[in-house]
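Undergrad: Okay, here's the structure, questions in a sec.
The values are calculated or read from the model by the stated rules, or taken from the named source; none is laboratory data. Please read these numbers as outputs of a predicted model, since none were measured by experiment. All Cβ positions, glycine included, derive from the backbone under ideal geometry; neighbour counts span all protein chains shown. Remember, those area values only see protein heavy atoms, side chains included, never the ligands or the DNA or RNA. Shrake-Rupley method; radii C 1.70, N 1.55, O 1.52, S 1.80 Å.
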Amino acid sequence: MIDRLWSKRGKASPQEAELPSGENVPQHVAIIMDGNGRWAQNRGLPRIAGHHTGMKAVKKVTMAADRAGVKYLTLYAFSTENWKRPKTEVDFLMRLPQEFLALELEELIENNVQVRMMGYREHLPSYTIEALEEAIEKTRQNTGLVLNFALNYGSRAEMADAVRAIAREAAEGKLDPERIDESLFESRLLSSDLPDPDLLIRTSGELRLSNFMLWQLAYSELYFTDVYWPSFTEEQFQEAIIEYQRRGRRFGGLS
Ligand code: IPE
Ligand code: IPE
Ligand code: MG
């Protein structure tokens, strides 16, 4: 199935969009799902309508990532800074994981998807945590795509926490400061069980990282599109993968 869908390179017919090659598929794709509010406002709708429609894009892109052979998909759903928004909007956003999983968990299980969460559980409402915990538990044994929700995630807090934990161990004499290196630091991050993202996608035309995976994105390929998240389609996801496949990654070396 995957071969049939993905082995073709180039346009076979004018109607047929270009599909990514099955080779050099990014192992880990991270997405800053931005532009929900503007998508809604452009249609004369309240911002929350954009968040609601954005949920459908999550479903579509998850399936597209799975079909493409991506192993890890990290979706930035709520940042540690998003608490600054009006309470009604925050409340709506906090209900979305529950709603999304009520609709989609069964199909995620059928598709062997493993749900995870990356972020601070503190301050999240119990119904948000419970819905995610249930999904994490029910998909723990799955071996397919890892669908990782970055929820109440902030990269600076993550790094400050890692430094504090390491400093405490050193102060208690449990860790020799000479042993502190990149891999030890990474082992204290919330992403310790994930490879670094190969490809970062940000929708909505904003050209910034907004406190997302600052350490982990050091050598990721960056892909920006003007499309607002609720309008982001499977084809646009495929375009991002094709663009990734055209890039030459050097990691500081020579190609
Ligand atoms: C992204 O869309 C979703 C979250 C940040 C939760 P926004 O809500 O930021 O939409 P814009 O950027 O205001 O259009
Ligand atoms: C980043 O988008 C956070 C998420 C997509 C969850 P924001 O809309 O919060 O980022 P800024 O405020 O435009 O930088
Ligand atoms: Mg935004």
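Undergrad: Can you show me the helix-derived [θ] at 222 nm for the chain, built from DSSP H runs with n ≥ 4 at -39,500 (n - 2.57) apiece and divided by the number of residues, rounded to the nearest 500.
TA: Working: 8 runs with 107 residues, N = 255.
Calculated at 222 nm, the ellipticity per residue is -13500 deg cm²/dmol.
Undergrad: Evaluate the charge dipole of the stretch 26-246 about its Cα centre and quote only its size in Debye, nearest 20, assuming +1 on the Cβ of each Lys and Arg and -1 on the Cβ of each Asp and Glu.
TA: 660 debye
Undergrad: I would also like to ask the following. Before I look further, what does the stretch 26-246 give for accessible area per residue, probe 1.4 Å, in whole square angstrom?
TA: On a per-residue basis, 47 Å².
Undergrad: Arrange the peptides 48-58, 202-212, 91-101 so that the one whose residues have, on average, the most other Cβ atoms within 10 Å appears first.
TA: 48-58, 91-101, 202-212
Undergrad: Give me the one-decimal nm value for the distance between modelled label points at residue 233 and residue 110, 7 Å along each residue's Cα-to-Cβ direction.
TA: Roughly 2.4 nm, to one decimal.
Undergrad: Sticking with this one: Between residue 208 and residue 140, what FRET efficiency comes out of the Förster formula 1/(1 + (r/R0)^6) with R0 = 30 Å and r the beta carbon distance, rounded to 0.05?
TA: Once the sixth-power term is evaluated, E becomes 0.30.
Undergrad: With a ≥ b ≥ c taken as the square roots of the eigenvalues of the C-alpha gyration tensor of the stretch 26-98, please select rounded if a/c is under 1.5 and otherwise prolate if a/b is larger than b/c or oblate if it is not? Please report the intermediate quantities before stating the final value.
TA: Values: a/c = 2.42, a/b = 1.73, b/c = 1.40.
It comes out prolate by the Cα gyration axes.
Undergrad: Ignoring ligands, DNA and RNA, what percent of the 1.4 Å accessible area of the chain is carbon and sulfur? Walk me through the numbers on the way to the answer.
TA: Details: 6610 of 13170 Å².
The nonpolar share, carbon plus sulfur, comes to 50 percent.
Undergrad: Give the long-range amide H neighbours of residue 34: residues separated by 5 or more places, or on another chain, with amide H under 5 Å away, using H modelled in the peptide plane at 1.01 Å from N.
TA: Amide H neighbours of residue 34, under 5 Å, 5+ apart: 203, 229.
Undergrad: Let a ≥ b ≥ c be the square roots of the eigenvalues of the Cα gyration tensor of the chain; is it rounded (a/c under 1.5), or, if not, prolate (a/b larger than b/c) or oblate?
TA: Oblate.
Undergrad: Further question: How high is the FRET efficiency between residue 185 and residue 27 when r is their beta carbon distance and R₀ equals 22 Å, given to the nearest 0.05?
TA: Numbers: r = 21 Å, r/R0 = 0.96.
Working from the Cβ atoms, E equals 0.55.
Undergrad: Stretch residue 85-residue 167 to full length: gain in nm at 0.36 nm per residue minus the Cα-Cα span?
TA: That pair, residue 85 and residue 167, stretches by 26.2 nm at full extension.
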